[in-house]
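Trainee: Sharing a structure here in structure tokens format.
The values are calculated or read from the model by the stated rules, or taken from the named source; none is laboratory data. As the structure is a prediction and not an experimental result, all values here were calculated from the model. Positions of Cβ are generated from backbone atoms using ideal geometry, with glycine treated the same way; all protein chains shown enter the neighbour counts. Accessible surface areas use protein heavy atoms only, side chains included; no ligands, DNA or RNA. Shrake-Rupley method; radii C 1.70, N 1.55, O 1.52, S 1.80 Å.
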Amino acid sequence: MLNIVSDFIKSILPAKKKTTPSGWTSFNGVCCPHNGESADTRGRGGLTANPDGSVSYHCFNCNFKASYQPGRHLTFKFRKLLKWLGADDTDIKRLVIEAIRVRELVAPEEVKAEAEEEKIEFKARDLPEDAENLVAMDYVHPALEYCVARKIDIAKYAFYATKQEQYNLHKRIIIPFIWQGRTIGYTARAVTDGVKPKYHSNYEPNFVFNINNQLADSKFVIVCEGPFDAMSIDGVAVLNNECNETQADIIESLGREVIVVADRDRAGAKMINNAIEYGWSVSYPVWLETCKDVNEAVVKYGKLFVLKTILDSKQTSKLKIELMKKKLYN
Ligand SMILES: [Zn+2]
């Protein structure tokens with residue numbers, strides 16, 4: 001069982017290969033042209049498979065690396081490698097599910113080690129000086145009224161505001177970004193009209209908002225664009241209209257079904273293209289006809305209805321996702 005992934009990848013390696021006594025199998029790298037390098041003809045790609053079921057690939061021509069270890073999820077990079085080696089989508093999907101099963105078998109401590117091993121880290125960054133928690137203030141800051149109007153649960157999420165006029169911070173609601181228990185930045189959204197830009201932010205790229213609030217036993221995670229969308233249904237936000245590969249790996253490390261709900265604007269189609277690339281589900285809930293994003297729908301129809309419609313309208317087939325995208329976004 002633990003060797004399912006490594007056995008599979010060994011079975012699809014190119015016919016022309018050499019194995020050294022140390023267990024390193026070398027062959028022409030299958031990655032190079034996909035990474036902007038010329039094709040490898042000198043056998044510079046190599047795979048090591050260990051008895052514990054772990055496997056790693058490294059190409060000395062284009063420097064592409066991908067690895068898998070039982071208890072971890074199949075990363076996007078590893079799935080790309082499988083594809084370049086000739087695996088079809090059905091096999092890859094099956095292995096993704098097997099990897100989740102394996103994860104349930106191995107000790108929880110090993111799973112916990114995953115985050116550390118993938119070494120995705122963000123540097124600590126402070127909130128603006130004199131930022132105060134909204135609910136602890138002795139007067140009603142417009143930011144608090146803004147939260148209430150957008151139906152965000154202020155008992156669950158912490159918000160801040162400041163009197164600082166730099167960047168018009170006094171007219172903004174400050175949303176802290178938390179990674180592994182530490183504050184690693186924030187975004188400050190305008191709460192009154194005419195304040196530009198709408199968001200003033202300070203954080204490292206690749207961050208995924210609200211990962212820290214995902215329940216351990218949830219079967220799925222809903223991916224949105226903006227932080228208010230994410231907070232209104234307890235999903236995560238990529239803070240952009242595209243989801244890059246590092247963000248995809250962070251989201252997939254949760255080890256559950258990923259469902260994307262894109263905004264109803266032209267840029268939303270980009271998120272859907274990403275979802276197709278990563279093999280995720282996409283939902284096209286009925287309210288997309290009348291609401292531009294998740295938060296607007298929650299304000300109009302309530303959280304439970306919006307969650308239910310997202311789950312009821314999710315598509316897993318690539319073909320259907322493409323067809324609906326054309327219908328709604330062209
Ligand atoms: Zn390569």
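Trainee: What number goes with the only condition from (1) away from the ligand (no atom under 16 Å from the Cβ); (2) under 16 Å from residue 278 (Cβ atoms); (3) open to solvent by less than 30 Å² (accessible area, probe 1.4 Å) that residue 70 does not pass?
Mentor: Tallying (1) away from the ligand (no atom under 16 Å from the Cβ); (2) under 16 Å from residue 278 (Cβ atoms); (3) open to solvent by less than 30 Å² (accessible area, probe 1.4 Å), residue 70 fails exactly one: (2).
Trainee: Between residues in segment 42-62 that are on the phi > 0 side of the Ramachandran plot and residues that are within 14 Å of the ligand (Cβ to nearest atom) and not in a loop (DSSP other than H, G, I, E, B), which pairs lie under 7 Å by C-beta distance while being six or more apart or on different chains?
Mentor: Taking only residues 6 or more apart or on different chains, the pairs are 43/26; 43/27.
Trainee: To continue, here is another question. Does any residue of segment 85-96 turn out to be within 16 Å of the ligand (Cβ to nearest atom) and either assigned to a strand (DSSP E or B) or buried (at least 20 other Cβ atoms within 10 Å of the Cβ) (or both)? Let's see the steps before the verdict.
Mentor: Going through segment 85-96, the residues within 16 Å of the ligand (Cβ to nearest atom) turn out to be 85-86.
Then keep just the ones that are either assigned to a strand (DSSP E or B) or buried (at least 20 other Cβ atoms within 10 Å of the Cβ) (or both); that gives none.
The answer is no; no qualifying residue exists.
Trainee: Additional query: So if I check each of 48, 41, 20, 75, which one is more than 12 Å from the ligand (Cβ to nearest atom), β-branched (Val, Ile, Thr) and surrounded by fewer than 14 Cβ atoms within 10 Å (Cβ to Cβ)?
Mentor: Numbers: 48 fails: surrounded by fewer than 14 Cβ atoms within 10 Å (Cβ to Cβ); 41 fails: more than 12 Å from the ligand (Cβ to nearest atom); 75 fails: surrounded by fewer than 14 Cβ atoms within 10 Å (Cβ to Cβ).
Among 48, 41, 20, 75, only 20 is more than 12 Å from the ligand (Cβ to nearest atom), β-branched (Val, Ile, Thr) and surrounded by fewer than 14 Cβ atoms within 10 Å (Cβ to Cβ).
Trainee: Pick from 3, 28: which is polar (S, T, N, Q), modelled with pLDDT of 95 or more and open to solvent by less than 90 Å² (accessible area, probe 1.4 Å)? Working first, answer last.
Mentor: Values: 3 fails: modelled with pLDDT of 95 or more.
Of 3, 28, the one residue that is polar (S, T, N, Q), modelled with pLDDT of 95 or more and open to solvent by less than 90 Å² (accessible area, probe 1.4 Å) is 28.
Trainee: Just give me the residues in segment 11-34 being touching a strand residue (DSSP E or B) at 6+ places or on another chain (Cβ under 9 Å), under 28 Å from residue 101 (Cα atoms) and without any contact (Cβ under 8 Å) to a residue 40 or more places away in the chain, in sequence order.
Mentor: Of everything in segment 11-34, those that are touching a strand residue (DSSP E or B) at 6+ places or on another chain (Cβ under 9 Å), under 28 Å from residue 101 (Cα atoms) and without any contact (Cβ under 8 Å) to a residue 40 or more places away in the chain turn out to be 23, 24, 25.
Trainee: Restricting attention to segment 174-199, which residues are open to solvent by less than 30 Å² (accessible area, probe 1.4 Å) and within 24 Å of the chain's Cα centre (by Cα)?
Mentor: Those that are open to solvent by less than 30 Å² (accessible area, probe 1.4 Å) and within 24 Å of the chain's Cα centre (by Cα): 174, 175, 176, 177, 179, 184, 185, 186, 187, 188.
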